[in-house]
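Please treat every number below as a calculation from the coordinates, not as lab data. Note that the structure is predicted; figures quoted are calculated from it, not measured. As a convention, Cβ positions derive from the backbone with ideal geometry for all residues, glycine included, and neighbour counts pool all protein chains shown.
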Amino acid sequence: METVIKTNNLSKVYTDTAVPVHALRSVSLEFRQGEFTAIVGPSGSGKTTFLNVVGGLDKPTEGHVIIDGVDIATMKESKLFDFRLRHIGFVFQAYNLIPVLTAIENVSFIMLLQNRPKAEMEERAKQMLEQVGLSDKLNVRPAKLSGGQQQRVAVARALASKPDFVLADEPTANLDTESAFNLLDIMAKLNKEENITLIFSTHDQRVIERARRVITLVDGAVDKDETFNREN
Amino acid sequence: MKTLIKISWRNIWRNRTRTLVIIIALVLGLMGAIFSASVRMASEQQQFEDTVENQISHIQIHHPEFIANPEAYYRIPRGKNISNEINARDDVIRAAPRTVLDGMAASANMNEGIRIKGVEPEAEAKTPGLDELIEEGSYFTEESRLPSILIGERLAEKLNAEVGSRLVLTFQDIEGEIVSSSFRVEGLYSVTSRGFEERMAFVRASEINYLIGDAEAVTEIAVLLDDHDKYRDVAGELEKAYPDMKVRHWADLDPTLFYALEVLDQVLILLVAIIIMGVSFGLLNTILMSILERVRELGILMAVGMKKARVFSMIVMESAMVSLIGGAVGLIFSFAMVRILNIYGVHVPGGEGLEDFGYASVIYPQIDTAFYFQSGMVVIIFAILASIYPAWKAIRLQPAEAVRQE
């Protein structure tokens, strides 16, 4: 399978703190097309930093992030905005959605920024909301949705534009068990159906068990990298 | 772009109260600014009309020596012909030949120095005319034994005279000899300028000319134009046509008024700008607050790939929309306010004293239509300026940090 992301000796040191913090230490990993990976580890182990650096939201102190043969670690900021828009889908911990837009407008938003044709955009947004089980909430604004529903809209938005891969930083952190499982089921299903590479961070044991690949970070370094043969 | 407008529009209504407060501030600011501007403009306009149309006219022609020595000796040769020639021009409402002299008016118990204006009643009556200023009595219609004189209400008060009173005028004839003659007060006129009303007395030119000994005498030709703005051109043409005479337009005759009117537009728009600038700081504060409340949201927008330029435009657009609403509503209200006040008038407290300076005590506010447009532009420009700093703050956010904020 094709390699989607490759990190090379990735290090990140925060120097604006009293004592320099080594958030990442020489992380070298590869992610292949269609993988469903959980990045786990205790708080402060570098999960979020890793996702931010891979997602081009943060620059590594050292090392490379190769996506599509391009090193985004050295990319200029203005280009990076465009790169993120075209290649990467994001799901954040909470408050992901634009509060003034309805569910379908939120799902269309990325495609809109990409200047996709309107008809295609609408059809795809509807299809995605249907896939996450929210076809009855098309014109509802986020404030009227539950936390779990909001995260499902966020997942639909991230996948709607068919990015190379989707990064989700603790997507279930604010959800109850049922909603968390539900979201994970949807993510796993879409991972399979759309063959989209999915990487999410979590410290939620319930969620970890759903991943086919589990990478454990400890103090910013890769501690374990395990692959499981699961059917989800 | 359409989505950006949609998001901006919905964003401004997220905090309805805050947005409404800013809109109301803009509306009141605009109304206040336009109110003061319209009062200023009306009072200057009124002064212009009063001074130029009722007193000095657009252009005056004299014998060059007459300006320093207003005596009957310095007459305009062929004065009546010149006056007729000018009257024949299309752009002239009237050219009135006058015999102007300094003299003395005496009533039974008072003496006052006056300027006697010998006029042709029909020539002066063309709109806007002297006849319209008569408050009491009549305008050169009476045929009585004594020649008629029209004086200002204030002069009448000083001389203790009224309609029907007899006044004795003393002045020099064309040879410099002192002449006295009796006149009967036929009418009292009123203008806002105290100086004018206390000094100027109107008699028939034929009668004063008879008394000074030259039936054809003309010492002043007062020209009133169709179009205010043409005074310089016409004055220039008249200067060429009558090179031996002194041709002066109103701006020469009353430079203070000219200057006041010249800078008026700039002064008024500055007034609007200052008021709106004050309101804009409120706007700036509001936008800044709305940015701080949305750090995370803006971070997510930028994280998913919304370019900084778009985020910047979104915030500027929010401000522009608020100002557009506030500006439009403010202009509509201001327009209505000026219209209504123009009908009922604004009474200026202590206005009696103002009349000494030629200002009316009741003002009917008015303003050029262009001024509304300019004020609207000022509102939008300041609103956009006020949004630049907050918008800049917003795009300085680092997406990675912004999305981490709770």
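Looking across segment B:367-404, just one residue is outside any helix (DSSP H, G or I), away from chain A (no Cβ under 14 Å) and surrounded by fewer than 17 Cβ atoms within 10 Å (Cβ to Cβ), and that is B:Asp368. Acidic (Asp, Glu), free of Cβ contacts under 8 Å to residues at least 40 places away in the same chain and in contact with a helix residue (DSSP H, G or I) (Cβ under 9 Å, 6 or more places away or on another chain): is that true of A:Glu30 in this structure? Spelling it out, it is not the case that A:Glu30 is acidic (Asp, Glu), free of Cβ contacts under 8 Å to residues at least 40 places away in the same chain and in contact with a helix residue (DSSP H, G or I) (Cβ under 9 Å, 6 or more places away or on another chain). In this structure, A:Phe109 does not qualify as in a strand (DSSP E or B) and either facing another protein chain (nearest Cβ under 8 Å) or among the acidic types (Asp, Glu) (or both).
I'd like to check something: does segment A:203-218 contain any residue that is in a helix (DSSP H, G or I) and touching a residue at least 60 places away in the same chain (Cβ under 8 Å)? Looking through segment A:203-218, at least one residue is in a helix (DSSP H, G or I) and touching a residue at least 60 places away in the same chain (Cβ under 8 Å). The selection criterion, being away from chain A (no Cβ under 14 Å) and part of a strand (DSSP E or B), does not hold for B:Gln46. Any chance segment A:114-122 includes a residue that's under 18 Å from A:Val166 (Cα atoms), within 12 Å of chain B (Cβ to nearest Cβ) and of a type outside the set (Ser, Thr, Tyr)? Within segment A:114-122 (the criterion being under 18 Å from A:Val166 (Cα atoms), within 12 Å of chain B (Cβ to nearest Cβ) and of a type outside the set (Ser, Thr, Tyr)), the answer is yes, since at least one residue qualifies. One residue stands out in segment B:298-318 among those that are β-branched (Val, Ile, Thr) and away from chain A (no Cβ under 11 Å): the one that is surrounded by the most Cβ atoms within 10 Å (Cβ to Cβ), namely B:Ile315.
Residues that are within 13 Å of chain B (Cβ to nearest Cβ) and not basic (Lys, Arg) number at least 1 in the following strands (runs of 3 or more DSSP E) confined to segment A:1-102: A:3-14, A:21-32, A:88-91.
Residues in segment A:90-141 that are crowded, with 16+ Cβ neighbours inside 10 Å and of a type in the set (S, T, N, Q): A:Gln93, A:Asn96, A:Thr102, A:Asn106, A:Ser108, A:Gln131.
Here B:Asp91 clears all of (1) among the acidic types (Asp, Glu); (2) under 21 Å from B:Lys80 (Cβ atoms); (3) without any contact (Cβ under 8 Å) to a residue 40 or more places away in the chain except the condition numbered (3).
Which members of segment A:177-202 meet the condition of being aliphatic (A, V, I, L, M) and either part of a helix (DSSP H, G or I) or over 22 Å from A:Asn52 (Cα atoms) (or both)?
A:Ala180, A:Leu183, A:Leu184, A:Ile186, A:Met187, A:Ala188, A:Leu190
When restricted to residues that are within 16 Å of B:Arg115 (Cβ to Cβ) and either touching a helix residue (DSSP H, G or I) at 6+ places or on another chain (Cβ under 7 Å) or assigned to a helix (DSSP H, G or I) (or both), segment B:60-84 contains 5. Selection over segment B:134-185 of residues that are closer than 25 Å to B:Gly213 by Cβ, among the polar types (S, T, N, Q) and surrounded by fewer than 22 Cβ atoms within 10 Å (Cβ to Cβ) gives a count of 6. Restricting the search to helices (runs of 4 or more DSSP H) fully inside segment B:218-316 and requiring at least 3 residues that are touching a residue at least 40 places away in the same chain (Cβ under 8 Å) gives B:231-241, B:255-292, B:295-303.
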